[in-house]
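Quick notes on the structure that follows.
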Amino acid sequence: MPSVTDFTSESQMRALADARGWNDGLALADAHAVTFESVTPERVTAVVNAPDGPARVELTAGDRFGYTCSCWEVPEACRHIVATAMALPRYAGGDV
Ligand SMILES: [Zn+2]
């Protein structure tokens, strides 16, 4: 059974996001802008409190990696999705 973290390594997220989304997402993660609501191996939901407003992110694991964000800014993984993915190991480690 795949879990969300199987899909959210740095190299995988870099491949999913464009360069700007990656950089902005990393900055949001570093700024502790991500508030996790629910974290299970198969599904993660979070709210990302970006400077221009909050966005709701859902990451799911199944046959493939699923990701949605309420901002719908870009077809790629947006900065909110990158931020959630990059903050996830810290959540798992208890350091959020
Ligand atoms: Zn977004």
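The values are calculated or read from the model by the stated rules, or taken from the named source; none is laboratory data. Only a predicted model underlies this, so the values are computations on that prediction, with no experimental measurement involved. Reconstructed Cβ throughout: ideal geometry from the backbone, glycine too, with neighbour counts over all protein chains shown.
Quick notes
- For ALA19: the one exception among (1) farther than 13 Å from TYR67 by Cβ; (2) surrounded by 15 or more Cβ atoms within 10 Å (Cβ to Cβ); (3) aliphatic (A, V, I, L, M): (2)
- Among the residues of segment 57-94, the ones that are of a type in the set (Gly, Ala, Ser) and crowded, with 17+ Cβ neighbours inside 10 Å come to 5 in all.
- For the residues SER9, SER3, the requirement of being without any contact (Cβ under 8 Å) to a residue 12 or more places away in the chain and surrounded by 12 or more Cβ atoms within 10 Å (Cβ to Cβ) singles out SER9.
- Among the residues listed as ARG43, ARG56, the single one being among the basic types (Lys, Arg) and within 14 Å of the ligand (Cβ to nearest atom): ARG56
- Breaking point among (1) surrounded by fewer than 21 Cβ atoms within 10 Å (Cβ to Cβ); (2) within 12 Å of the chain's Cα centre (by Cα), for PRO54: (2)
The rows are residues; the columns are (1) on the phi > 0 side of the Ramachandran plot; (2) in contact with a Lys or Arg (Cβ under 9 Å, 6 or more places away or on another chain); (3) at pLDDT 95 or above.
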| residue | (1), (2), (3) |
| --- | --- |
| PHE7 | no, yes, yes |
| SER38 | no, no, yes |
| ASP52 | no, no, no |
| PRO75 | no, no, no |
| HIS80 | no, yes, yes |
